[in-house]
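One structure, as structure tokens, below. Some questions next.
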Amino acid sequence: MDDSRIRKASDLVGAILSPEIARTAGTWAGFFSSWDRAAGERLAAHSRPVDVKNGIVVVEAEHPGWIQLLQMQQDRILSSIAAAFPELGIKGIAFRLAGDQGRREASPAAAGSGQRTSPGCEESAGPAPAPETIRQTLDAVSDPGFRDILSSLADAITE
């Protein structure tokens with residue numbers, strides 16, 4: 001049974017928008033729906049692109065571990081996106097935890113410069129503990145080797 005009143009959504013969008021705008025919308029839709037090919041099925045199952053700002057894809061992941069794995073594959077993912085969608089001009093990826101949009105959005109400038117970004121890098125977790133508090137904590141560690149490791153770590157962080 002053929003009902004001439006039923007139309008595909010793409011036909012309706014094409015009739016409302018200019019052909020150029022419809023093509024661009026189709027390209028963006030293709031990009032967002034092809035994340036599993038770009039990231040790989042395993043990574044895509046735990047992440048998704050949510051926005052593109054100034055050529056930077058903002059990707060949400062459900063756990064910091066997935067962000068780390070995505071960062072390790074960032075160059076491959078960018079190459080895949082550039083090959084499939086060169087007209088979009090994607091030049092970097094920024095990562096954030098799902099649900100942290102307002103608090104910890106990754107810096108597009110850092111992602112575009114090739115730096116790896118992850119949630120929390122752009123903002124401080126609060127004031128650093130006072131040196132005397134750090135020293136008291138280290139003095140309470142009974143293992144001298146472990147205390148030395150923690151001490152060198154504390155020195156590197158407070159510099």
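Is there any pair with a first residue in the stretch 66-80 that is at positive phi and at pLDDT 95 or above and a second that is of a type in the set (Lys, Arg) and surrounded by 15 or more Cβ atoms within 10 Å (Cβ to Cβ) whose Cβ atoms are under 7 Å apart and which are 6 or more apart or on different chains, and what are they?
From residues that are at positive phi and at pLDDT 95 or above, there are no pairs.
Something else: Here is a check on your reading of the model: is ALA9 out of contact with any helix residue (DSSP H, G or I) (no Cβ under 7 Å at 6 or more places or on another chain) and at pLDDT below 95?
Yes.
Could you list all residues from the stretch 67-80 that are among the hydrophobic types (A, V, I, L, M, F, W, C), in contact with a strand residue (DSSP E or B) (Cβ under 7 Å, 6 or more places away or on another chain) and under 15 Å from ALA38 (Cβ atoms)?
LEU70, ILE77, LEU78 - these are the residues of the stretch 67-80 that are among the hydrophobic types (A, V, I, L, M, F, W, C), in contact with a strand residue (DSSP E or B) (Cβ under 7 Å, 6 or more places away or on another chain) and under 15 Å from ALA38 (Cβ atoms).
Between a first residue in the stretch 35-47 that is under 13 Å from GLU62 (Cα atoms) and a second residue that is polar (S, T, N, Q), which pairs have beta carbons less than 7 Å apart while being 6 or more apart in sequence or on different chains?
LEU43/GLN73
Yes/no per residue for (1) of a type in the set (Gly, Ala, Ser); (2) touching a Gly at 6+ places or on another chain (Cβ under 9 Å); (3) part of a helix (DSSP H, G or I):
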| site | (1), (2), (3) |
| --- | --- |
| GLU20 | no, no, yes |
| TRP28 | no, no, yes |
| ASP51 | no, no, no |
| TRP66 | no, no, yes |
| LEU70 | no, no, yes |
| ARG76 | no, yes, yes |
| ALA83 | yes, no, yes |
| ILE90 | no, yes, no |
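Still on this structure: What are the residues in the stretch 120-154 that are modelled with pLDDT of 70 or more, among the acidic types (Asp, Glu) and assigned to a loop (DSSP other than H, G, I, E, B), if any? It would help to see each step written out before you state the result.
First, pick out the residues of the stretch 120-154 that are modelled with pLDDT of 70 or more: 132-154.
Narrowing further to those that are among the acidic types (Asp, Glu): 132, 139, 143, 148.
Matches in the stretch 120-154: ASP143 only.
So ALA110 fits all but one of (1) modelled with pLDDT of 90 or more; (2) surrounded by 15 or more Cβ atoms within 10 Å (Cβ to Cβ); what number is the exception?
With respect to (1) modelled with pLDDT of 90 or more; (2) surrounded by 15 or more Cβ atoms within 10 Å (Cβ to Cβ), ALA110 is out only on (1).
The values are calculated or read from the model by the stated rules, or taken from the named source; none is laboratory data. Quick caveat: nothing in here was measured; it's all calculated off a predicted structure. Counting neighbours? That spans all protein chains shown, and the Cβs are built from the backbone with ideal geometry, glycine included.
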